[in-house]
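Read through the structure below, which is laid out as structure tokens, and then see the notes.
The values are calculated or read from the model by the stated rules, or taken from the named source; none is laboratory data. Predicted model, so just to flag it, every value in this text is computed and none were measured. Positions of Cβ are generated from backbone atoms using ideal geometry, with glycine treated the same way; all protein chains shown enter the neighbour counts. Ligands, DNA and RNA are stripped out before the accessible areas are found, and what is left, the full protein with its side chains, is counted by its heavy atoms. Shrake-Rupley method; radii C 1.70, N 1.55, O 1.52, S 1.80 Å.
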Amino acid sequence: MIESVNPIKRIDAPPDAAFAVVASIGGLDRLLPLIESCRVEGAGVGARRFLRLAASAGGGEIEDRIDEIDHQRRRLRYTRTRSPFPVESYVGTVEVRPAPEGRSEVSWRVEIDVAPEAKEELVPLLFGALSGLIDGIEREAKQRETASR
């Protein structure tokens, strides 16, 4: 059963700064405590991102393939090729749009094919994790901005 999970948040960071965090591909372990480690092999489109979940999140390994990085449209798309969760397919798209007062609107949309018996538990868990990642993008963008001054 195909499900779409799509938290959208306004964050206090300029769009280019927010997308720079997204486009760096790695560092998800700095953005969300549930991710114990994050390493990247390769660069740009085709790169592989390997995540290890913390024991508090159930543990497990995740592997993503980066399918698109569009700096002009501020969009990154990836396919999850390995996951400990009961999904048949998983495609994520992160988009950063300008918002009033120099802020950004970040959308992190995931399309998953999830087993019906797992939907009730997995969809809210995923929504919370993606929302946390957006909060992490805001923190990281602010830290980078402060460090560059």
Quick check on my filter: what residues within the stretch 94-122 are assigned to a helix (DSSP H, G or I) and either open to solvent by 40 Å² or more (accessible area, probe 1.4 Å) or modelled with pLDDT of 95 or more (or both)? PRO100, GLU101, GLY102, PRO116, GLU117, LYS119, GLU120, GLU121
So which of LEU130, LEU125 ends up being in a helix (DSSP H, G or I), out of contact with any Pro (no Cβ under 9 Å at 6 or more places or on another chain) and hydrophobic (A, V, I, L, M, F, W, C)? LEU125
Hey, PHE85 hits all of (1) farther than 17 Å from ILE134 by Cα; (2) at pLDDT 95 or above; (3) open to solvent by 30 Å² or more (accessible area, probe 1.4 Å); (4) not acidic (Asp, Glu) but one; which does it fall short on? (2)
Here is a check on your reading of the model: is GLU3 surrounded by fewer than 18 Cβ atoms within 10 Å (Cβ to Cβ) and in contact with a Phe, Trp or Tyr (Cβ under 8 Å, 6 or more places away or on another chain)? no
Residue that is farthest from ALA17 (Cα to Cα), among those in the stretch 105-141 that are of a type in the set (D, E, K, R) and touching an Asp or Glu at 6+ places or on another chain (Cβ under 7 Å): LYS119
